[in-house]
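Accompanying notes for the structure given below.
The values are calculated or read from the model by the stated rules, or taken from the named source; none is laboratory data. Because the structure is predicted, anything quoted here is derived from the model rather than measured. We place every Cβ from the backbone using ideal geometry, glycine too, and count neighbours over all the protein chains shown. Surface accessibility is based on the protein's heavy atoms, side chains included, excluding ligands, DNA and RNA. Shrake-Rupley method; radii C 1.70, N 1.55, O 1.52, S 1.80 Å.
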Amino acid sequence: MYTKTDLKEISPDFIKQLSFFKLLGAQDADYSNAVDFYDHIPKFVDNIQKRYWTYSEVKPQESTEFKYNYCGSETTFIVSIKPGRIIKEIDGKKTDVLVYPSIQREEPVYDALRKLATSDNGAFFDGELGTLFTLRMLQKELKRFKKTFSIPEIIESLQVLRRSEIEVSSIAGNFKWEPSFLSNLMLVSRQEIESVGSQVRCIAVFDSLVSNAVKALDFREHNYAIPQSVKSPIARYLIKRMDRRYKQASPDQPYVIKLSTVFKSIFKPIDKRMSNNTRYMNKAIEEMKEKRRVQAVEVEPIKHHTDKRKISDYLYKFYPHDDLISDMKRFNKKQASLKKQQLSLQLDPIK
């Protein structure tokens, strides 16, 4: 933890590209910016059943796989998430516990920090993108979407984001990377919070890939408000994924994805009873329709490869709502403008 005096000694760097990253207009309030490879990595766990784990009962890590078009070819990657260690008071006793970064808590907090970075609170610190914020400011941003986390809960989530570990490797073994949720976190001490309140400025610094993408103008706008406001972890994931990847959204070209791909991406085990899995998907689809991201969905069963009487998976076809198509036109126009700026500034995109 750092004191208020320590924070005063840190001077934000000025980098010209940051002006293109910021979204300062009233029409930009519901939007943020995504970094393609980093934000495609599955990083948040659906841990609705249990949040706090002891060392004896927790898995040392959660792992899954995902595919990404890397250097011109589709590559399968393995991502492993290790939980962050925090101190939690349990039955009146301070106890070391482990917490996985969750879709329910840490992802909304992280996305709110990224959104604040697109405002006047965004700055570069020693060449890395970060957000200057107060705990009340972050709490207020989350309340916009009925996420009523207390200040201690927000601090806990920030600590989990800083202390959890990510490891990404290609299945072929020729690529390995250890990114972070937050490469640095500077919070005020508990004593200062109690003495001067939670208006003291804090700093959260993002992973270098996020910073490098901003410097290269290699990022893409997305709708931030809608996934922040949904309840279903699956709906949240799908809405964000479609914003990033469904670039040519049209009524006659649905977005297609398997149930198993969705569940893997949020570290959710597939139930042996397929009806339980489809029930979660149906709840997500209801929210996606309510939020005007999809207008219709077709579902096709996939038969087991050896026993055709059994269904092993489902293929979902999402037909976009006009609001999603309108957003995509906005995102594509903004990205085309960034490409021109890349050429003007002679910047190389992230490979």
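Compute the semi-axes of the equivalent ellipsoid of region 263-351, taking the square root of 5 times each eigenvalue of the Cα gyration tensor, and list them largest first in whole Å. Show your work: numbers first, answer last.
Numbers: eigenvalues 278, 69, 28 Å².
Equivalent-ellipsoid dimensions as semi-axes: 37, 19, 12 Å.
Tell me, what are the semi-axes, in whole angstrom and largest first, of the equivalent ellipsoid of region 108-175 as set by the roots of 5 times the Cα gyration tensor eigenvalues?
Values: eigenvalues 141, 56, 25 Å².
The answer is 27, 17, 11 Å, longest axis first.
Of the options ILE203, SER250, VAL160, report the single residue whose Cα projects farthest towards the positive end of the charge dipole of the chain (beta-carbon charges: Lys, Arg +1; Asp, Glu -1).
Of ILE203, SER250, VAL160, it is SER250.
What three numbers, in Å, describe the spread of the alpha carbons of the chain along their principal axes, ordered from the longest?
67, 59, 43
With charges only on Cβ, +1 for K and R and -1 for D and E, what is the dipole size of region 138-281 about its Cα centre, in debye, rounded to 20? Write out the running numbers ahead of the final one.
Values: 25 positive and 14 negative charges, 132 e Å.
So the magnitude is around 640 debye.
In whole Hz, with x marking every Gly and Pro, tabulate ³J(HN,Hα) for region 15-24 from phi via Karplus 6.51 cos²θ - 1.76 cosθ + 1.60, θ = phi - 60°.
These are the phi-based 3J(HN,Hα) values: 10, 4, 4, 4, 5, 7, 6, 6, 10, 9 Hz.
Counting only other residues whose beta carbon sits under 11 Å from that of LEU338, what net charge do I get with K and R as +1, D and E as -1?
Details: positive: ARG220, LYS333, LYS334, LYS339, LYS340; negative: ASP218, GLU221.
Once positives and negatives cancel, what remains is +3.
Using r as the Cβ-Cβ distance of LYS247 and ASP96, and R0 as 35 Å, what FRET efficiency do you calculate, to the nearest 0.05?
For LYS247 and ASP96, the calculated efficiency is 0.20.
Rounded to a whole number, what % of the accessible area of the chain do carbon and sulfur atoms account for, probe 1.4 Å?
The C+S portion of the solvent-accessible surface of the chain is 48 percent.
Under a point spin-label approximation (7 Å from Cα along Cα-to-Cβ), what is the PHE66-THR148 distance to one decimal in nm?
Roughly 3.2 nm, to one decimal.
Which far-off residues, 5 or more places away or on another chain, put their amide H under 5 Å from the one on SER183, with H placed in the peptide plane?
For SER183, the qualifying residues are VAL205, PHE206, ASP207.
Pull up all non-local amide H partners of SER102: gap of 5 or more, or a different chain, and H-to-H distance under 5 Å with H placed in the peptide plane.
VAL45, GLU107
Report the label-to-label distance for LEU24 and GLU74 in nanometres (one decimal), using points 7 Å from each Cα along the Cα→Cβ vector.
About 4.2 nm separates the two model spin labels.
Counting only C-alpha contacts under 8 Å and six or more residues apart, can you give the relative contact order of the chain as a whole percent?
Here the relative contact order equals 19 percent.
Order of 17-27, 249-259 by packing, highest average Cβ count within 10 Å first?
Highest-to-lowest ranking by the protection proxy: 249-259, 17-27.
So what is Rg over Rh here for region 124-244, counting just Cα atoms and using Kirkwood for Rh? All intermediate terms of the calculation are to be shown ahead of the outcome.
Working: Rg = 16.6 Å, Rh = 16.6 Å.
Here Rg/Rh amounts to 1.00.
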